[in-house]
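All remarks here apply to the structure that follows.
Please treat every number below as a calculation from the coordinates, not as lab data. Please read all numbers here as calculations on a predicted model, not as lab measurements. Glycine also receives a Cβ, built like all others from the backbone with ideal geometry; neighbour counts cover every protein chain displayed.
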Amino acid sequence: SGGGVYINMRNNHSVCRCRASAVSSDGGASFGAVRWDKDLPSPVCQATLSTAGGHLLFANPATDGTGFPPLTDAPRSHGVIRKSVDNGQSWTRQLEITPRSPSVYGETNNGSFLYSCLVPDPLKDDSRLGGLLYSHHDAYVQCWPPAKACDANHSRMLALFVRFPLDF
C-alpha cells in the first residue's frame, strides 16, 4: 500500500530455510535491504502473493527443508496461506491447506503442496472468498500402464483449486 512494492524471493542461502523479502518505496526502481523472514519457513520453491481481500496474502509449502532429494528432507508439503495486515512486516494469521508430510512419495503422503497460485482478487461469485490453485502429488493413485499424466513412480500429479475465507 502507499505506492510501495513488496517482493518475496526464494532463498538459496544458508542464512535460514525461509523466504527473503525487500521493499521499494519508489515504484520498483530500487529496493531496500533484503530481509530474511523467519516467519515464512520454506524450501527452495516457488510461492505466491495476492492482495485479495485487502491484505497481503502469501502461500507456499511451509516446511523448512530443501525441497530437493533426499525427499524425506522436509519435502514440499504443509501448504499454508498466511496473511499480513502490515504489508509483509509480520504474518500473524495462517490457514492450513494441507498437513505436513514426511515424504512426498511415501504412503504417508497427504500433504503434498508443490507449486501454487493465489487468485489476485476475491472470487466473483462470493467476495468473502479467495481462491488458490496448487499442484499435488497423489501417491495413492497408481497409473498403469504409465501415462503422460504420471511421473517415474507411476503416480499422478493433480491441480487442485480450493476456496477459502478471506477473513481468516
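Computed values, structure above
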{"quantity": "Stretch gain in nm, segment residue 135-residue 14, where the contour uses 0.36 nm per residue and the Cα spacing is subtracted", "calculated": "40.9 nm"}
{"quantity": "Ranked packing of 34-45, 76-87, most packed first, by mean Cβ within 10 Å", "calculated": "76-87, 34-45"}
{"quantity": "Surrounding net charge for residue 18, when Lys and Arg each add one and Asp and Glu each subtract one, Cβ distance under 14 Å", "calculated": "+3"}
